């Protein structure tokens, strides 16, 4: 194992991972009804290919990929399509969903297995990954197939598996690495074969020694290195991870492939393995259900489309005094208005905050220009200035301060003594100006 | 910025959903606390008048801010400690000898004109305390330049008057200044401890340094402005401060006058200095250079106040020209 690596700036929030870090992943009960959004990924929404009344099986394709940057969706239960309509989603938006009533049988569609998966042609692997609806499971949900098809002029020489899991509270990736290290490594090897690279890396924050040990053991004898990373947010952001492990700086507004690297989440690597080896599409994922406001925190394998309310009730329900439910982690997750929204491919956690954990964000005061946000911004921006320009609606000037390099990690807001809604200011400015 | 769903009682607000415990109030009260050693030394050397003068300026600052905000229908923000800080800094910038109306007039002026009319905390262009001192110096030039001897005795209010070290240096030269203290090491010791004439809070370099180190340990201020400011003053003093070139005594200029108070507590005022660290170094160098231009060749013996106020004007420009280093900034392509 090599030395602890990291990037510049960033923050050290309280991690609270002890709530669920030791809890093994349990299979969630089969949902009675699932709401499967046609858009669970970055890019064009999938196009529905089933109609109301159709019988479907678990794993059956129900929405087709609609473009290069897009992803198909599959039914996560067997049963009957009862509605196709817009429903509220965990992102705070509304979107079209296919609603399927489970028949309780969980009858799988026929999966094409490949026991000799390591001998498959790279093009074939790519095709399987695309057709399995695999997207980045770290949260951003970028279609994995696209990452595996870089333009010819971009030479990729390394793949990094992201096991940093720098969001406080979340332990889904942690549990996967402890419970399925061999499968993750097989997934990584498939990815390496597809892109024709010989270097593989797995980056893990050093607060997960059991995960580091498990992965070290699983990679022994292979051209794959496990790197322990400093515990610092946002260590798991692609650009920060690449800087930490390979000391390469992705150009501003560029992509990891510009420096010859592809980054995939540990969950994604596992999904790749399961899709190629067993023909299993992405219909379930590990979700960390945590926070002081939930009765029985834990890690659960949840079918995509299961309602958050359903998952919460399986974890004993909300405690008295639960005030906020967040899809994702506390730094970048979305607070929920209603709990009748589905778990999607990108849902890494359900965080229920108690009134003790809740930090009031009702009011804020003017920027006192203390510069703390500048000291922590991992992208080297001036969030103070950007927030003031956005607040005063001088949107056209924000370009001069590289607004569009902000990836909304929230570090600036975390340290702001005036409690300013920094991420909100950034989003507002982005919506009002052109990159 | 947060809404609550009345049915399920859930609160919705934008990410992030956790924050560190820092607040404007905690920062401001910490700076007040950091000035406590300097205040104690002021009381030690100048007696009850130190309490009287700073007390009046703090009281006037707090009351002015409170009633100004009430008057325009805004919630009072006096609990955030920034009005107290302005009053305290202004008080520490005044001679012990001033009549009661000077701290009151100064605080009233800075809170209304310099702070609130510009929009309140966060929007003022100039350092309030220094603007107050400048205002008072111009309005009551005589009263603002009567310096009491630091008696270190808690006796009557009418101590003997004397000149400040920088005043002596300007009018009568270095030998006279050393003679005042006895010898050179006594002079440095006097300047470190605060046993010299000057504004209440500026004389004890050591007490100010203790407070400044506390602020640095808490990371409320960084080295960038103080070090570049002090360094530039020392450099100028060494090169131009003696007979001929490279013959001056940097220590005299660094330890005397309002430099420590200015460099650690006023040039570092968040609102009126650049936010980007590299820019802060430029700001500090500018402050140091202007200070020495005034001290060596200007009409006043001391230049810290005007130097910081002048550089305050440049802070927005510096922030616009000196940006933090963007992650992945594309390096200049070779043609």
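The values are calculated or read from the model by the stated rules, or taken from the named source; none is laboratory data. Keep in mind that what you see is a predicted model, and the values were worked out from it rather than measured. Here the Cβ is made from the backbone with ideal geometry for all residues, glycine too, and neighbour counts use every protein chain on show.
Details
- Sole residue being out of contact with any strand residue (DSSP E or B) (no Cβ under 7 Å at 6 or more places or on another chain) and crowded, with 21+ Cβ neighbours inside 10 Å, chosen from B:104, B:111: B:111
- Of residues in segment B:309-325 being under 12 Å from residue A:402 (Cα atoms) and crowded, with 19+ Cβ neighbours inside 10 Å, the one nearest to the other protein chains (Cβ to nearest Cβ): B:324
- Scanning segment A:414-435 for residues being free of Cβ contacts under 8 Å to residues at least 24 places away in the same chain and facing another protein chain (nearest Cβ under 7 Å) gives a total of 2.
- Neighbours by Cβ (under 6 Å, 6+ apart or cross-chain): first from segment A:107-135, free of Cβ contacts under 8 Å to residues at least 60 places away in the same chain; second surrounded by 16 or more Cβ atoms within 10 Å (Cβ to Cβ): A:107/A:57; A:107/A:78; A:108/A:58; A:108/A:59; A:109/A:57; A:109/A:59; A:109/A:60
- Residue in segment A:341-361 that is in contact with a helix residue (DSSP H, G or I) (Cβ under 8 Å, 6 or more places away or on another chain), facing chain B (nearest Cβ under 7 Å) and either surrounded by fewer than 24 Cβ atoms within 10 Å (Cβ to Cβ) or over 21 Å from residue B:13 (Cβ atoms) (or both) present: no
- Condition check for residue A:53: surrounded by fewer than 18 Cβ atoms within 10 Å (Cβ to Cβ), without any contact (Cβ under 8 Å) to a residue 60 or more places away in the chain and not assigned by TED's automatic domain parsing to the domain that holds residue A:173: yes
A quick yes/no check of all residues on (1) in contact with a helix residue (DSSP H, G or I) (Cβ under 7 Å, 6 or more places away or on another chain); (2) farther than 26 Å from residue A:14 by Cα:
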{"position": "A:86", "(1), (2)": "no, yes"}
{"position": "A:98", "(1), (2)": "no, yes"}
{"position": "A:119", "(1), (2)": "no, yes"}
{"position": "A:125", "(1), (2)": "yes, yes"}
{"position": "A:145", "(1), (2)": "yes, yes"}
{"position": "A:167", "(1), (2)": "no, no"}
{"position": "A:175", "(1), (2)": "no, no"}
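- Picking from residues in segment A:362-376 that are within 7 Å of another protein chain (Cβ to nearest Cβ) and closer than 11 Å to residue A:412 by Cα, the one that is surrounded by the fewest Cβ atoms within 10 Å (Cβ to Cβ) is A:374.
- Members of segment B:18-38 found to be more than 14 Å from every other protein chain (Cβ to nearest Cβ), surrounded by 21 or more Cβ atoms within 10 Å (Cβ to Cβ) and assigned to a helix (DSSP H, G or I), listed by number: B:34, B:38
- Filtered by the rule that a residue be under 20 Å from residue B:9 (Cα atoms), touching a helix residue (DSSP H, G or I) at 6+ places or on another chain (Cβ under 7 Å) and either in a loop (DSSP other than H, G, I, E, B) or away from every other protein chain (no Cβ under 14 Å) (or both), segment A:287-335 gives a lone residue, A:289.
- All told, residue A:253 meets the bar of being at positive phi and touching a helix residue (DSSP H, G or I) at 6+ places or on another chain (Cβ under 8 Å).
- Evaluation of residue A:35 against (1) modelled with pLDDT of 95 or more; (2) surrounded by 19 or more Cβ atoms within 10 Å (Cβ to Cβ); (3) part of a loop (DSSP other than H, G, I, E, B) (one fails), failing number: (3)
- Within segment A:289-304, being in contact (Cβ under 8 Å) with a residue 40 or more places away in the chain and over 20 Å from the mean Cα position of the chain (by Cα) holds for A:292, A:293, A:294.
- Helices (runs of 4 or more DSSP H) fully within segment B:206-308 counting 2 or more residues that are surrounded by 24 or more Cβ atoms within 10 Å (Cβ to Cβ): B:224-240, B:277-297
- Residue in segment B:2-17 that is away from chain A (no Cβ under 14 Å) and touching a helix residue (DSSP H, G or I) at 6+ places or on another chain (Cβ under 8 Å) present: no
- Every residue from segment A:243-280 that is under 18 Å from residue A:146 (Cβ atoms), within 14 Å of another protein chain (Cβ to nearest Cβ) and part of a helix (DSSP H, G or I): A:256, A:257, A:258, A:259
- Yes/no for residue B:67 being surrounded by fewer than 19 Cβ atoms within 10 Å (Cβ to Cβ) and within 14 Å of chain A (Cβ to nearest Cβ): no
- In a residue-by-residue description of segment A:381-394, the property of being facing chain B (nearest Cβ under 10 Å), farther than 24 Å from residue B:221 by Cα, out of contact with any helix residue (DSSP H, G or I) (no Cβ under 9 Å at 6 or more places or on another chain) and surrounded by fewer than 23 Cβ atoms within 10 Å (Cβ to Cβ) applies to no position.
- Any hit, segment B:148-165, residues being at pLDDT 90 or above, under 21 Å from the mean Cα position of the chain (by Cα) and under 27 Å from residue B:267 (Cα atoms): yes
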